[in-house]
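This report refers to the structure that appears directly beneath it.
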2 protein chains.
Amino acid sequence: MHWHEVLKQLVEPNESKIVLLVADGLGGAPLSPGGKTELETAHTPNMDRLAQEGTLGMSIPVKPGITPGSGPGHLALFGYDPLEFVIGRGALEATGIGFELQPGDIAARGNFCTLDSQGRIVDRRAGRIPTAECRRLVEKLRTIRLPEVELFVEPVREHRFVLVLRGSGLGDQVNDTDPQATGVPPLEPQGNDPPSQKTAQLVAQFVSQARQLLAGEPQANGLTLRGFSARPNLPSYKELYGLRAAAVAVYPMYRGLARLVGMDLLGQPQNLQEQLETLRQHWPQYDFFFLHYKYTDSTGEDGNFEAKVEKIQELDAAVPHILELGPDVLIITGDHSTPSLLRSHSWHPVPVLLWAKTCRVDGCQSFGEQEALRGGLGQFEAQYLMPLALAHAGRLTKYGA
Amino acid sequence: MHWHEVLKQLVEPNESKIVLLVADGLGGAPLSPGGKTELETAHTPNMDRLAQEGTLGMSIPVKPGITPGSGPGHLALFGYDPLEFVIGRGALEATGIGFELQPGDIAARGNFCTLDSQGRIVDRRAGRIPTAECRRLVEKLRTIRLPEVELFVEPVREHRFVLVLRGSGLGDQVNDTDPQATGVPPLEPQGNDPPSQKTAQLVAQFVSQARQLLAGEPQANGLTLRGFSARPNLPSYKELYGLRAAAVAVYPMYRGLARLVGMDLLGQPQNLQEQLETLRQHWPQYDFFFLHYKYTDSTGEDGNFEAKVEKIQELDAAVPHILELGPDVLIITGDHSTPSLLRSHSWHPVPVLLWAKTCRVDGCQSFGEQEALRGGLGQFEAQYLMPLALAHAGRLTKYGA
């Protein structure tokens with residue numbers, strides 16, 4: 001039996017409230033060997049107090065050594081094995097711009113490219129045209145009509161866009177048309193099974209019409225498509241955990257990921273202040289709240305150690321406002337590490353703080369990577385964080401008599 | 001999808017160098033409760049410095065409580081789940097004497113035995129005849145010819161030898177002919193499927209001819225065979241990790257294991273000094289080096305605590321010579337524990353030291369079992385050591401966007 005089936009059978013409802021506060025890319029690394037990480041450097045009196053009362057640990061999002069993207073990182077935090085539940089590239093791209101895929105939709109990531117007079121690719125990214133230019137070209141492509149299916153073309157950034165086909169009997173086993181090389185024409189789309197063959201034929205028509213529409217463009221006169229994928233089949237928070245769940249997030253990617261697991265999206269907050277206000281307004285209506293805080297990741301990706309420290313401190317200042325609402329379980333963690341040192345996501349385990357009245361003392365005095373190593377949760381796979389949250393919320397009954 | 005397939009897709013090449021220094025049987029135990037282990041007793045200033053700069057942890061080769069042999073112990077370190085990738089007894093015996101099995105070969109472990117006039121086993125080990133005697137008898141068996149297959153008979157030690165059949169359409173589902181009892185004749189070989197039936201028939205002919213050749217021998221006038229097995233189907237280091245990998249090992253078993261995963265064998269070093277010299281000579285040509293150091297295991301198996309301490313100290317003195325070459329990632333660990341106290345391999349987790357510029361501080365001050373328990377790698381399955389090595393070497397890209 002799948003582990004989720006076991007879990008479902010143990011779930012029992014109550015009145016408790018769980019808050020999962022995800023500081024994106026929270027985990028860090030020292031700038032020089034022997035130094036402190038960003039989280040260890042930050043002055044975080046509120047999280048430190050919670051660390052003393054609660055339990056710390058280190059989570060491994062995927063497997064040791066594996067650096068997760070935002071998709072797998074969040075799926076793991078939401079309780080889905082990120083090696084089993086995979087979001088295809090096209091589906092993730094659509095999710096990232098807030099496009100809500102329906103079951104049966106097929107999404108692909110598109111790149112505008114430059115073709116020579118023979119139809120061979122000269123520049124795979126069409127000189128990275130400005131986003132405004134991308135929007136203009138997408139408007140052209142939106143005039144394309146295909147039989148039986150509804151088409152969506154959405155601009156992303158620079159030369160990137162998303163193509164979605166909506167209709168019945170489509171498949172996602174279609175090859176990338178991007179040859180990953182210049183001097184050759186884009187590949188023909190081909191399907192590996194009958195539904196995907198149908199998709200490939202429709203995609204070929206789309207490409208052909210697009211070529212005509214783009215023919216006069218100086219840079220973006222062609223396109224490639226890759227990562228054909230359907231909406232991933234994820235059991236919802238309601239089905240799995242019996243939770244009325246909501247997301248309070250600013251950025252489309254995280255709002256999209258939350259929608260994939262059936263969370264409601266609350267408001268259109270633009271910053272942490274507005275997120276807290278949104279949380280307060282909807283507090284009575286939900287059992288579970290996912291709060292996403294982006295800036296610990298973006299400052300890490302900028303390689304700005306000091307700015308990441310500051311963003312952690314800003315987050316710390318928000319903690320009392322969450323506590324005021326009276327959550328039964330508050331978790332503060334990240335979906336992965338983003339050390340300023342590396343200017344990118346990394347494989348390092350992610351510090352976790354779980355605060356509830358049912359925590360054992362583990363002797364941790366502050367919230368940081370070194371303390372978390374000694375914490376009561378030990379090192380564990382992030383996919384087990386949700387069961388721990390449910391347990392501390394009194395929402396899981398005994399397994400076996 | 002198999003985890004290895006995921007890993008393969010994440011691998012990207014770079015110029016980094018990884019060294020895996022395996023001190024066989026490194027983990028130990030105190031001679032009396034509350035005491036220090038061999039590694040904790042040893043004076044290891046070089047490894048201690050690396051412990052301060054790097055990350056420690058404890059690896060579990062197979063599962064908690066399971067004592068691995070050299071085969072599973074090394075497979076785990078090389079990144080193969082030792083419960084999934086199994087080296088059959090015959091194949092391991094062949095590997096252990098440096099016999100390079102080809103795909104399709106079938107290997108079995110042979111024991112000379114003593115039979116009475118009725119053909120019943122009197123001594124399953126033929127009085128443990130000397131190895132020289134074994135070699136003489138093997139020369140006799142080498143005169144045997146069978147239709148369609150090439151035969152290899154190789155002496156091992158005392159009453160043990162290896163039989164290899166090379167030909168097409170052979171199978172390894174053949175029963176042991178050793179009845180594990182005296183007073184009864186050896187069992188007839190039988191195959192469980194058509195290729196194995198073919199193998200069993202050939203083996204029966206071999207046994208029959210061998211009986212005639214050995215008829216006049218006073219002790220070793222019979223033989224039994226067991227552990228029929230093919231070369232295990234292991235994806236190579238090149239396929240899995242994109243690494244040009246080489247082994248610098250003295251003993252045939254470890255050289256053989258390295259060959260099974262596609263490592264090149266460098267030189268014929270006879271001691272650590274020569275191993276370091278070999279490493280230095282080939283440094284530019286490879287991305288990954290497996291150095292095997294035997295004496296921490298052999299002294300442990302001798303029950304010689306002091307000697308094991310000394311051998312660890314000798315290894316510590318070699319560490320600066322490895323560092324001089326400028327590895328990006330240096331790992332020092334064992335394939336299992338061999339506490340002098342037990343005079344044998346054991347199930348105890350194995351201390352791991354991973355040193356790279358991308359390590360977080362974990363507060364560990366020296367390389368030893370107690371410190372490693374508090375290390376940043378936590379307790380983890382040894383099969384994830386290679387992904388960690390690749391990650392710290394910058395050789396793994398993000399999983400999912």
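Annotation note: trypsin sites (Lys or Arg not before Pro) in the range B:128-184 located in DSSP loop regions with a Cβ neighbour count of at most 14 within 10 Å are B:142, B:145, B:157.
Would you mind classifying the range B:66-143 by shape? Square roots of the alpha carbon gyration tensor eigenvalues, ordered a ≥ b ≥ c; an a/c under 1.5 is rounded, otherwise it is prolate if a/b is larger than b/c and oblate if not. Prolate, since a/c reaches 1.5 and a/b exceeds b/c.
Taking every Cα-Cα distance in the range B:209-299 and sorting them into 10 Å bins starting at zero, the pair-distance distribution P(r) comes out as 15, 32, 22, 17, 12, 2 percent. Ignoring lysines fewer than eight residues from residue A:357 along the same chain, the ones with Cα atoms less than 29 angstrom from its Cα are A:8, A:17, A:238, A:294, A:311, A:398. Whole-Hz Karplus values for the range B:165-173 come out as 9, 10, x, 9, x, 8, x, 10, 8 Hz, taken residue by residue from phi with 6.51 cos²θ - 1.76 cosθ + 1.60 and θ = phi - 60°; glycine and proline positions read x.
In whole percents, the pair-distance distribution calculated for chain A from its alpha-carbon pairs, binned every 20 Å from zero, is 26, 50, 22, 1. Each principal axis of the Cα atoms in the range B:293-373 has its own extent, and those three values, largest first, are 37, 26, 19 angstrom. Sorted shortest first, the distances from the residue A:103 label point to those of the same residue in the other copies are 4.2 nm; each point sits 7 Å from Cα along Cα-to-Cβ.
Mean projected area of the convex hull spanned by the Cα atoms of the range B:1-104, taken over all viewing directions: 10.9 nm². Separation of the range B:286-363 and the range B:166-187, taken as the distance between their Cα centroids, equals 39 angstrom. Normalised by the number of residues in the range A:92-230, the average gap of Cα pairs under 8 Å and 6 or more apart makes the relative contact order 32 percent.
A straight Cα-to-Cα reach below 26 Å connects residue B:140 with the lysines B:198, residues fewer than 8 places away in its own chain not being considered. Overall size of the range A:142-191 from C-alpha positions, given as principal axis extents largest first: 35, 27, 16 Å. In the range A:311-384, what trypsin sites (Lys or Arg not before Pro) fall in a loop by DSSP, with at most 10 other Cβ atoms inside 10 Å? The qualifying sites are A:357, A:360. Each label point was placed 7 Å from the Cα along the Cα-to-Cβ direction; for residue B:193 and residue A:324 their separation is 6.9 nm.
The HN-Hα couplings worked out from phi for the range A:17-27 by the Karplus form 6.51 cos²θ - 1.76 cosθ + 1.60 (θ = phi - 60°) are 10, 10, 10, 10, 9, 9, 8, 4, x, 4, x Hz, whole numbers, x standing for Gly and Pro.
The range B:227-265 and the range A:1-42 have Cα centres lying 39 Å from one another.
Okay, helix-only estimate at 222 nm for the protein assembly as shown: each DSSP H run of n ≥ 4 adds -39500 (n - 2.57), divide by all residues, round to 500 deg cm²/dmol; what do you get?
Numbers: 28 runs with 268 residues, N = 802.
Rounded to the nearest 500, the figure is -9500 deg cm²/dmol.
Counting only Cβ charges, +1 for Lys and Arg and -1 for Asp and Glu, the dipole size of the range B:44-103 around its Cα centre is about 120 debye. Amide H contacts under 5 Å for residue B:399: A:67, A:69, restricted to partners 5 or more places along the chain or on a different chain, H placed in the peptide plane at 1.01 Å from N.
Size descriptors for the protein assembly as shown: radius of gyration and Dmax over Cα atoms are 30.9, 97 Å. The charge dipole of the range A:64-187, taken about its Cα centre with unit charges on the Cβ of Lys, Arg, Asp and Glu (plus for the first two, minus for the last two), comes to roughly 520 debye. Inter-copy label distances at residue B:277, shortest first and taken from points set 7 Å along Cα to Cβ: 7.6 nm. Between the range A:76-129 and the range B:43-91, the C-alpha centres lie 40 angstrom from each other.
For residue B:337, nonlocal amide neighbours, meaning residues 5 or more places apart or on other chains whose placed amide H falls under 5 Å from its own, are B:27, B:346, B:348. Ranking B:57, B:262, B:199 by Cα position along the charge dipole of chain B, where only Lys, Arg, Asp and Glu carry charges on their C-beta atoms, puts B:199 farthest toward the positive end. 3J(HN,Hα) couplings calculated from phi for the range B:230-242 with the Karplus curve 6.51 cos²θ - 1.76 cosθ + 1.60 (θ = phi - 60°) are, in sequence order, 8, 4, x, 8, 9, x, 7, 4, 5, 4, 6, 10, x Hz; Gly and Pro show x. Counting, for every residue in B:389-400, the Cβ atoms of other protein chains within 10 Å of its Cβ and taking the mean gives 6.
In the assembly of identical copies, residue A:376 has its label point, taken 7 Å from Cα in the direction of the beta carbon, separated from the corresponding points by 2.6 nm (ascending, one decimal).
Straight-line cross-link reach from residue B:36 at under 17 Å between alpha-carbon atoms covers these aspartates and glutamates, not counting any fewer than eight positions away in the same chain: B:48, B:306, B:310, B:369, B:371. Multiplying each eigenvalue of the alpha-carbon gyration tensor of the range A:121-250 by 5 and taking the square root yields semi-axes of 29, 20, 14 Å, largest first, rounded to whole angstroms. Look at the dipole of the protein assembly as shown built from charges on Cβ: of A:144, B:37, A:102, the Cα furthest out on the positive end belongs to A:144.
Inter-chain neighbour count for B:98-104: the average number of beta-carbon atoms from partner chains within 10 Å of each residue's beta-carbon is 0. Given +1 at the Cβ of Lys and Arg, -1 at the Cβ of Asp and Glu and no other charges, the dipole of the range A:338-401 around its Cα centre is 240 debye to the nearest 20.
Nearest 0.05, what FRET efficiency do residue A:384 and residue A:12 give at R0 = 22 Å with Cβ-Cβ as r? Using R0 = 22 Å, I get an efficiency of 0.70.
None of the figures in this text is laboratory data; all of them are computed from the coordinates on show. Keep in mind that what you see is a predicted model, and the values were worked out from it rather than measured. Neighbour counts are summed over all protein chains in view; Cβ atoms, including those assigned to glycine, are modelled from backbone coordinates with ideal geometry.
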